[in-house]
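Worksheet: one structure, shown below.
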């Protein structure tokens, strides 16, 4: 039986003892870092820099899937691409202690990027282009694919079947998502033939750290197989004209390292739609974890679902307006 609160046993003593199994002596200082899906801590080390330890959510990934994440990060680091790979200890990167699987990383700082200038967008484009150039050289076999069925149909059905949507909004939510997913499938059919490559998968500004040396990733927990545009569209904001201009600048840097398939432009608003539906289902599926009601109290309020229905209706118009046009 799955533990409804999988991190209840993850006490400070367990955290420190797990790190010390790798031959690192902790000074006892622990700082919880921002993470909901997993649990991530900065742990002080005697006479050395602190380490970051990530405890994987029990039951989420197989060991093989986690290892593919680690191997991808190590592959990128070996290509001198700025990611933070897991530390290798005795030939391994994935460890277990008291039933918790974990990995350790060097601590790397930085700030969230503004991406407010052409220079920053081109720099970010080069960074993602380098990652994708490596990502296309082989496939994941144990990670998930970006899939309309899983992220759209199954997520929608879960929300409807488990009573999360207020009864007075259920018909509207069911109707709008049914129409949207038909449009999403049509967009994927229109883009048929795009290459599925290894991606970061959750490439938004909150997952990027920027220093004077440029951008870097500290986590590949959501790496996935899918279209290249998935790692680009979340960096866009504003109206269609503004997003088109921003994407053009990202691609100026991106295409210095890898070609971009313009067929994927039709997927931008469909991918946004899938993310919106899947995000609500993610919150619902994690609600038994006490961290989620504390962090997302608005999720159970009717206003959230009213806003969702309104935003999803806007997605119908956004998809029907057609793909972004590059200047």
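The values are calculated or read from the model by the stated rules, or taken from the named source; none is laboratory data. None of these values were measured; they are calculated from a predicted model. Positions of Cβ are generated from backbone atoms using ideal geometry, with glycine treated the same way; all protein chains shown enter the neighbour counts.
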Give me the pairs: first residue in region 188-208 and not assigned by TED's automatic domain parsing to the domain that holds residue 35, second residue modelled with pLDDT under 95 and outside any loop (DSSP other than H, G, I, E, B), beta-carbon distance under 6 Å, and six or more apart or on different chains, which are they?
208/215
Every listed condition ((1) surrounded by fewer than 18 Cβ atoms within 10 Å (Cβ to Cβ); (2) modelled with pLDDT of 95 or more) holds for residue 58 save (2)
Here are some residues: 121, 126, 143, 101. Which one is closer than 21 Å to residue 61 by Cα and either outside the structural domain of residue 227 (by TED's automatic domain parsing) or in a helix (DSSP H, G or I) (or both)?
101
Going by the structure shown, is residue 192 touching a strand residue (DSSP E or B) at 6+ places or on another chain (Cβ under 6 Å) and loosely packed, with under 14 Cβ neighbours inside 10 Å?
no
Consider residue 169 carefully, then state whether it is in contact (Cβ under 8 Å) with a residue 24 or more places away in the chain, more than 19 Å from the chain's Cα centre (by Cα), buried (at least 17 other Cβ atoms within 10 Å of the Cβ) and farther than 30 Å from residue 20 by Cβ.
no
Cβ-Cβ under 7 Å pairs, at least 6 apart or on other chains, region 154-166 side under 20 Å from residue 303 (Cα atoms), far side at pLDDT 95 or above and in a loop (DSSP other than H, G, I, E, B)
159/165
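Quick one: which residue in 269, 314 is at pLDDT 95 or above, more than 21 Å from the chain's Cα centre (by Cα) and assigned to a helix (DSSP H, G or I)?
The match here is 314.
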